[in-house]
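*Asks:* Before anything else, here's the structure in question.
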Amino acid sequence: MSTITLDTLRKEFDSGDERIVAVDDIDLEIRDGEFLVLVGPSGCGKTTTLRCVAGLEDVTSGTIRFGDDDVTDLRARERDVAMVFQNYALYPHMNVRKNIGFGLKLSTQQSSADIDRQVEEVAEMLGIEDLLGQKPKELSGGQQQRVALGRAIIRDPEAFLMDEPLSNLDAKLRSQMRTELQTLQHDLDVTTVYVTHDQTEAMAMGDRIAVMNDGTLQQVGTAEAVYRSPVNEFVADFIGSPSINLFDATVDGNRLDGPGDFGYRLADTTPVEGYESVRVGVRPEDIELVADGIDIETKVLEPMGNENYLYADLGGHELTARVASTARPSPGDVVSFTFDEDALYLFDPETGEALKTKTEGERPGEDGHVEEVVG
Amino acid sequence: MREETRREAVWQFLAYAFILLGAVLTLVPLYWIFVASTLDEQEFLSTTEPRLIPGDSFLQNFESLQARGNVQFVGHPGEMTQYVDFGFGYVYYDVWHLWDLGALESSIFVAVVYTLLSLVLCSMAGFAFAKYEFRFKKPMFYAILATLILPIQLLVIPLFLLMSQIGLTNSYWAIILPWAANPLGIFLMRQNMRSIPDALLESARMDGATEFQLYYKIALPTMKSSLAALAIILFLFQWNLFLFPLVILEQGKYTIPVAINQLVGAQRVYYDQIMVAATLSIIPIVVLFLVLQKQFVSGILAGSVKE
């Protein structure tokens with residue numbers, strides 16, 4: 001168990017004539033016992049980063065440290081980390097018992113009886129003790145997943161690395177395994193790096209979330225911090241479901257003018273000082289339907305049971321709002337909305353950098369993490 | 001719907017008919033060889049009609065085959081002469097004289113050793129070509145494939161010179177080593193090993209496996225059915241080698257094809273004996289096929305990675 005430190009980690013790939021930068025000088029510290037989720041759209045470099053930590057990819061430059069040990073040049077098998085793959089990668093010719101025990105058999109001098117006993121303990125922990133004699137192809141997806149986890153757990157490694165381990169499960173099983181994984185990680189208290197493209201999963205599982213885009217680290221912080229205080233437009237857009245409404249608005253004194261009927265008077269103009277136009281962000285859950293406000297034309301209403309998703313037209317922009325289940329405008333109906341200035345996000349139109357976020361919490365510090373934001 | 005099932009049935013019928021035709025075309029000559037081996041030479045030569053009912057002269061033909069002076073087909077118990085005297089009794093240690101090899105045993109020995117050696121080399125090379133990146137990988141692979149177009153006839157003289165230089169004339173190694181790294185085998189193993197998911201190997205690496213353990217503990221077991229298929233190809237290849245063994249081996253060491261060739265004399269062709277020898281030479285192949293048959297189950301990789 002140890003802290004994992006990535007220091008200006010860089011990974012480039014050759015692709016024909018050009019060099020592709022998959023991971024672009026990342027600095028990241030994963031604390032001892034922490035569950036850190038690397039999240040980002042596909043191709044953002046999150047899996048490559050994980051594979052560098054695993055030792056499956058050679059890094060182009062930078063260092064990786066486990067605790068105080070520099071492991072940058074160590075091979076995967078010398079790093080004492082365990083990895084769970086997206087497709088589980090179980091050994092097809094071995095039964096569950098051998099699959100789980102394989103790592104111990106290779107990397108330790110323990111007797112078969114000792115290994116067997118540990119395999120049984122782990123299997124019991126995962127509820128697969130009845131499956132020990134079966135081959136992977138005889139198992140369901142969820143069972144295969146558990147075997148893959150068992151294979152990682154039994155090694156009692158420095159760290160768990162998980163590459164989208166739940167993405168092949170159906171929705172119900174996924175949320176069940178999500179909880180189980182969290183409990184397991186909590187009980188074992190092993191530093192875990194978890195890669196996913198699913199921001200809901202990231203929010204739900206991570207002690208902290210590291211949002212990546214284009215090979216660079218955008219922001220590291222708790223789920224609440226990245227949700228409430230995104231450092232830029234990308235993070236604001238990526239985190240949150242349904243995603244934030246974003247559009248351009250011109251600044252005229254304390255007034256913002258956007259597409260369609262959008263007009264908003266700011267009480268506090270500090271964030272927009274010196275700007276002629278800004279990017280405006282409003283989260284769907286902060287939109288309130290009112291009698292007199294900004295007019296939008298209803299396009300689709302999706303009932304969710306406890307609430308409704310309203311998709312409406314705002315001067316050619318699609319606007320999403322989460323509204324009460326009692327609000328039932330029909331397509332074509334014009335409704336009015338407003339929102340609190342507290343809930344307004346503003347971004348620099350050129351750089352995407354956040355000018356104002358939901359609550360003025362602390363900005364990420366030099367070490368890349370945000371302290372707990374008090375809502 | 002009914003139209004569809006009918007069409008399916010027709011296709012199935014045609015497919016079976018085709019397979020059946022293939023089976024008949026393959027089996028009839030073999031059966032005919034077997035029948036011919038059971039006939040007296042006079043019976044065999046006197047009729048122009050193909051016979052389908054076996055005769056009763058097999059053993060007689062076999063005996064005359066075995067009685068030949070120039071070649072030994074099936075071996076016989078040998079005579080051990082080297083022993084250690086322990087006082088209470090002798091213990092012979094020249095066990096290689098326990099059985100004097102005939103052509104059949106020679107062929108089996110050579111083919112088995114060749115097959116095992118070649119399986120190891122081909123699977124290792126195939127694994128490297130399929131799963132590793134290294135300099136000049138492509139040119140090397142194409143160079144290996146290119147050797148497939150060289151006919152054995154072209155190689156006989158240089159190979160003979162090479163073998164005599166390294167002192168392997170009249171040695172079984174001379175017909176085993178030149179083809180041990182079989183290009184066709186390397187190609188087949190490379191193609192099949194590409195289907196091993198990278199994640200499977202990486203997973204084993206994370207579990208602490210060395211690169212050799214990846215090959216030995218992951219790649220080989222998952223490639224069982226391909227290895228079985230390749231084993232048959234390699235065994236048959238060695239079993240059928242004729243020209244080079246004929247050149248490099250001397251009479252006492254002949255393999256089956258060379259030995260059979262000795263039955264075609266300048267004055268006379270011993271059809272009855274040829275047929276018996278041919279029948280005998282088919283048996284090991286059939287046995288090998290039956291043994292390996294159960295390995296031809298596809299889907300060993302099933303359940304390894306979730307698609």
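Nothing in this text is a laboratory measurement; each read-out follows from the coordinates by a stated rule. Quick caveat, the model's predicted, so the values are computed rather than measured. Note that each Cβ is placed from the backbone with ideal geometry, even for glycine, and that neighbours are counted across all protein chains shown.
*Asks:* Sorted from largest to smallest, which semi-axis lengths in Å does the alpha carbon gyration tensor of segment A:261-309 give for its equivalent ellipsoid, taking the root of 5 times each eigenvalue?
*Replies:* After diagonalising the Cα gyration tensor, the semi-axes are 28, 13, 11 Å.
*Asks:* Using the beta-carbon distance between A:Ser42 and B:Phe212 and R0 = 35 Å, what value does 1/(1 + (r/R0)^6) give for FRET efficiency, to the nearest 0.05?
*Replies:* 0.50
*Asks:* Still on this model: Along its three principal axes, how long is segment B:107-195 when you only count alpha carbons? Whole Å, largest extent first please.
*Replies:* Taking the Cα atoms of segment B:107-195, the three principal extents are 41, 26, 20 Å.
*Asks:* Please name whichever of A:Ala202, A:Gly142, A:Gly62 sits farthest to the positive end of the charge dipole of segment A:4-233, dipole taken about the Cα centre and charges placed at Cβ: Lys and Arg +1, Asp and Glu -1.
*Replies:* With unit charges placed on the Cβ atoms, the residue in question is A:Gly142.
*Asks:* For the protein assembly as shown, what does the helix formula give at 222 nm: sum of -39500 (n - 2.57) over DSSP H segments with n ≥ 4, over the residue count, nearest 500 deg cm²/dmol?
*Replies:* -12500 deg cm²/dmol
*Asks:* Here's something else I'd like to know. What is the distance, in nm, between label points placed 7 Å from the Cα along the Cα-to-Cβ direction at A:Leu74 and at B:Trp99?
*Replies:* Distance between label points: 5.4 nm.
*Asks:* Which percent of Cα-Cα pairs in segment A:244-356 sits in each 5 Å bin, short to long?
*Replies:* For segment A:244-356, the binned pair fractions read 2, 12, 23, 24, 17, 11, 7, 3, 0 percent.
*Asks:* Hey, quick one: spin label on B:Ile285, modelled 7 Å out along Cα-Cβ, who in segment B:102-119 has an amide N within reach, i.e. under 11 Å?
*Replies:* none
*Asks:* Restricting attention to segment B:1-105, which trypsin sites (Lys or Arg not before Pro) occupy a DSSP loop and are surrounded by at most 16 other Cβ atoms within 10 Å?
*Replies:* Of the trypsin sites (Lys or Arg not before Pro), the ones in loops of segment B:1-105 whose Cβ has at most 16 other Cβ atoms within 10 Å are B:Arg51, B:Arg68.
*Asks:* Calculate the FRET efficiency for A:Leu188 and B:Tyr132 from the Cβ-Cβ distance with a Förster distance of 45 Å, rounded to the nearest 0.05. Please report the intermediate quantities before stating the final value.
*Replies:* Details: r = 35 Å, r/R0 = 0.77.
It comes out at approximately 0.85.
*Asks:* Rounded to the nearest 20 Debye, what is the dipole magnitude of segment B:2-67 about its Cα centre when Lys and Arg each give +1 and Asp and Glu each give -1 at the C-beta?
*Replies:* Taking the Cα centre of segment B:2-67 as origin, the dipole is about 440 debye.
*Asks:* Starting from the Kirkwood Rh over alpha-carbon pairs, what translational D in µm² s⁻¹ does segment A:159-261 have by Stokes-Einstein at 37 °C and 0.692 mPa s?
*Replies:* Working: Rh = 15.7 Å.
For these conditions, the coefficient is 208 µm²/s.
*Asks:* A follow-up question, please. How many percent of the alpha carbon pairs in segment A:44-143 exceed a separation of 16 Å? Don't skip to the end; give the middle numbers.
*Replies:* Working: 3219 of 4950 pairs.
Across segment A:44-143, Cα pairs with separations above 16 Å total 65 percent.
*Asks:* Here is a follow-up. With charges only on Cβ, +1 for K and R and -1 for D and E, what is the dipole size of the protein assembly as shown about its Cα centre, in debye, rounded to 20?
*Replies:* 4380 debye
*Asks:* Between B:Val156 and B:Val247, 0.36 nm times their residue separation minus their Cα-Cα distance comes to what?
*Replies:* 32.0 nm
*Asks:* For chain B, what are the per-bin percents of Cα-Cα distances with bins 10 Å wide, up to the bin holding the maximum?
*Replies:* Going from the shortest bin to the longest, the percentages are 5, 18, 24, 24, 18, 9, 2, 0, 0.
*Asks:* What translational D, rounded to a whole number of µm²/s, comes out for segment B:1-160 from Stokes-Einstein when the hydrodynamic radius is the Kirkwood one over Cα pairs, at 37 °C and 0.692 mPa s? Display every interim value, and only then the final one.
*Replies:* On the way: Rh = 23.1 Å.
For these conditions, the coefficient is 142 µm²/s.
*Asks:* Within segment B:95-124, what residues put their amide N at less than 11 Å from the label point 7 Å along the Cα-to-Cβ vector of B:Met80?
*Replies:* B:95-99
*Asks:* Considering only A:Met212, B:Ile33, A:Cys52, whose Cα is most displaced toward the positive end of the charge dipole of the protein assembly as shown, charges sitting on Cβ of Lys, Arg (+1) and Asp, Glu (-1)?
*Replies:* Farthest towards the positive end: B:Ile33.
*Asks:* Here's something else I'd like to know. Normalising by the residue count of chain A, find the relative contact order in percent from Cα pairs under 8 Å and 6+ residues apart. Before the final figure, lay out the partial values.
*Replies:* Working: 793 pairs, mean separation 58.7, N = 375.
The normalised contact order for chain A reaches 16 percent.
*Asks:* As an exercise, identify the chymotrypsin sites (Phe, Trp or Tyr not before Pro) in segment B:56-96 lying in DSSP coil whose Cβ has no more than 11 other Cβ atoms within 10 Å.
*Replies:* Loop-located and lightly packed - B:Phe86, B:Phe88, B:Tyr93.
*Asks:* While we're looking at this one, here's another question. Which value in nm describes the separation of the simple spin-label points at A:Phe13 and A:Asp170, placed 7 Å from the Cα toward the beta carbon?
*Replies:* That separation, rounded to one decimal, is 3.3 nm.
*Asks:* A further question follows. If I stretch the segment between B:Tyr142 and B:Glu49 completely, what's the gain in nm (0.36 nm per residue apart, minus their alpha carbon distance), one decimal?
*Replies:* Here the answer is 28.4 nm.
*Asks:* Given a Förster distance of 30 Å, report the FRET efficiency between B:Leu14 and B:Ala229 from their Cβ-Cβ distance, rounded to the nearest 0.05.
*Replies:* Here the calculated transfer efficiency is 0.70.
*Asks:* Provide the convex hull volume over Cα atoms per residue for segment B:12-70, in Å³. All intermediate terms of the calculation are to be shown ahead of the outcome.
*Replies:* On the way: hull volume 6.7 nm³, N = 59.
So the per-residue hull volume is 113 Å³.
*Asks:* Separate question: ³J(HN,Hα) across segment B:230-240 via Karplus (A = 6.51, B = -1.76, C = 1.60, θ = phi - 60°), whole Hz, x for Gly/Pro?
*Replies:* Ordered by residue, 3J(HN,Hα) equals 5, 4, 5, 4, 5, 4, 5, 4, 5, 4, 8 Hz.
*Asks:* Further question on the same structure: Once you compute Rg and the Kirkwood Rh from C-alpha atoms, what is the Rg to Rh ratio for chain A?
*Replies:* Here Rg/Rh amounts to 1.05.
*Asks:* Taking loop as defined by DSSP and a crowding limit of 14 other beta carbons within 10 Å, which trypsin sites (Lys or Arg not before Pro) in segment A:103-182 fit?
*Replies:* none
*Asks:* Additional query: For the protein assembly as shown, place one equal point scatterer on every Cα, skip the solvent, and apply the Debye formula. What is log10 of I(q)/I(0) at q = 0.07, 0.10, 0.11 Å⁻¹?
*Replies:* Values returned for q = 0.07, 0.10, 0.11 Å⁻¹ are -0.72, -1.07, -1.18.
*Asks:* Right, another one. Say a site is exposed when it is one of the GluC sites (Glu not before Pro), sits in a DSSP loop, and has at most 16 other Cβ atoms within 10 Å; what is then the longest site-free stretch of chain A?
*Replies:* Longest gap between qualifying sites, sites excluded: A:1-272.
*Asks:* Let me ask another. Anything over 18 Å Cα to Cα? Flag those among A:Lys11/A:Lys46; A:Lys105/B:Lys131; A:Lys46/B:Lys137; A:Lys135/B:Lys224; A:Lys137/A:Lys172, in the order listed.
*Replies:* From A:Lys11/A:Lys46; A:Lys105/B:Lys131; A:Lys46/B:Lys137; A:Lys135/B:Lys224; A:Lys137/A:Lys172, over 18 Å: A:Lys105/B:Lys131; A:Lys46/B:Lys137; A:Lys137/A:Lys172.
*Asks:* Right, here's the next one. Only Lys, Arg, Asp and Glu count, each charged at its Cβ (+1, +1, -1, -1), so figure out the dipole size of segment B:149-307 about its Cα centre, rounded to 20 debye.
*Replies:* 140 debye
*Asks:* Another question about this same structure. In whole percent, what relative contact order does segment A:244-356 give with Cα contacts below 8 Å and a gap of six or more residues? Provide the component values of the computation, followed by the final result.
*Replies:* Values: 258 pairs, mean separation 31.9, N = 113.
Relative CO of segment A:244-356 lands at 28 percent.
*Asks:* Run the numbers on segment A:71-201 and let me know its relative contact order in percent, using alpha-carbon pairs under 8 Å that are six or more apart.
*Replies:* Numbers: 155 pairs, mean separation 44.8, N = 131.
Across segment A:71-201, relative contact order equals 34 percent.
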